[in-house]
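> Sharing a structure, written as structure tokens. Questions coming.
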Amino acid sequence: MANQQKRIKALIDKNIRDILQFELKNEVGLLTVTSVEVSDDYSYVKVFVSFFTNPNDNFKKLCRAKGFVKSSLAKKISLRRSPEIQFILDDGFFKEQRIEKILKKEEQELKDIKKEN
């Protein structure tokens, strides 16, 4: 039973990634699916995405295409009910850049203080 659950979750994961990468790529810009979480009863799917350009605009476009993704997923897999899909913007890349910028600024300030002493 556990193997079947893993297989179905992996199948949902793969198909959502394929739909977003190959079927929607021109409409929502260049994106990366960072993670896909599927509930135990397969009724909910959380898709964490990251965009390379215009994350807010492209995320809005992706949310508008949610119905297309859901229907395309339903055609590819045979479940009793097609899962509800929730897209979540994964802005970890931008947070990392901001933290690195702050750390470089602090490092420069420390160097300046050492020069003064």
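The values are calculated or read from the model by the stated rules, or taken from the named source; none is laboratory data. Keep in mind it's a predicted model, so treat the numbers as computed, not measured. Neighbour counts are summed over all protein chains in view; Cβ atoms, including those assigned to glycine, are modelled from backbone coordinates with ideal geometry. Just so you know, the surface numbers come from the protein's heavy atoms only, side chains and all, with ligands and any DNA or RNA stripped out. Shrake-Rupley method; radii C 1.70, N 1.55, O 1.52, S 1.80 Å.
> Using θ = phi - 60° and the Karplus curve 6.51 cos²θ - 1.76 cosθ + 1.60, what whole-Hz ³J(HN,Hα) does each residue of region 103-116 get, with Gly and Pro shown as x?
5, 5, 5, 5, 4, 5, 5, 5, 5, 5, 5, 5, 5, 5
> Oh, and also: What list of ³J(HN,Hα) values in whole Hz, one per residue of region 70-87 in order, does the Karplus curve 6.51 cos²θ - 1.76 cosθ + 1.60 (θ = phi - 60°) give from phi, with Gly and Pro shown as x?
Using θ = phi - 60°, the values come out as 5, 5, 5, 5, 4, 6, 8, 10, 10, 10, 4, 10, 6, x, 6, 10, 10, 8 Hz.
> What pairs from 46/105; 6/76; 46/101 go past 27 Å between their alpha carbons?
On the way: 46/105 36 Å; 6/76 17 Å; 46/101 30 Å.
Beyond 27 Å between Cα atoms: 46/105; 46/101.
> Please give the per residue accessible area of region 1-82, computed with a probe of 1.4 Å over protein heavy atoms only, in Å².
Here the residues of region 1-82 average 65 Å² of exposed surface.
> Something else now. Given +1 on the Cβ of Lys and Arg, -1 on the Cβ of Asp and Glu, and no further charges, what dipole in debye does region 18-91 carry about its Cα centre, rounded to the nearest 20?
Using only the charged Cβ atoms, the result is roughly 360 debye.
> In percent, how large is the relative contact order of the chain, given Cα pairs closer than 8 Å and 6 or more residues apart?
In percent, rounded to a whole number, it is 25.
> Moving to a separate point now. Which listed residue (99, 79, 69) has the Cα farthest towards the positive end of the charge dipole for region 1-100, taking +1 on Lys and Arg C-beta and -1 on Asp and Glu C-beta about the Cα centre?
Ranked along the dipole, the leading option is 79.
> Please give, to one decimal in nm, the separation of the simple spin-label points placed at residue 57 and residue 88, each 7 Å out from Cα toward the Cβ.
2.7
> Next question. Highest first, please rank the peptides 100-110, 42-52, 62-72 by the mean number of other Cβ atoms sitting within 10 Å of their residues. Mind dumping the intermediate values first?
Details: 100-110: 10.0, 42-52: 17.5, 62-72: 15.2.
By packing density, highest mean first, the sequence is 42-52, 62-72, 100-110.
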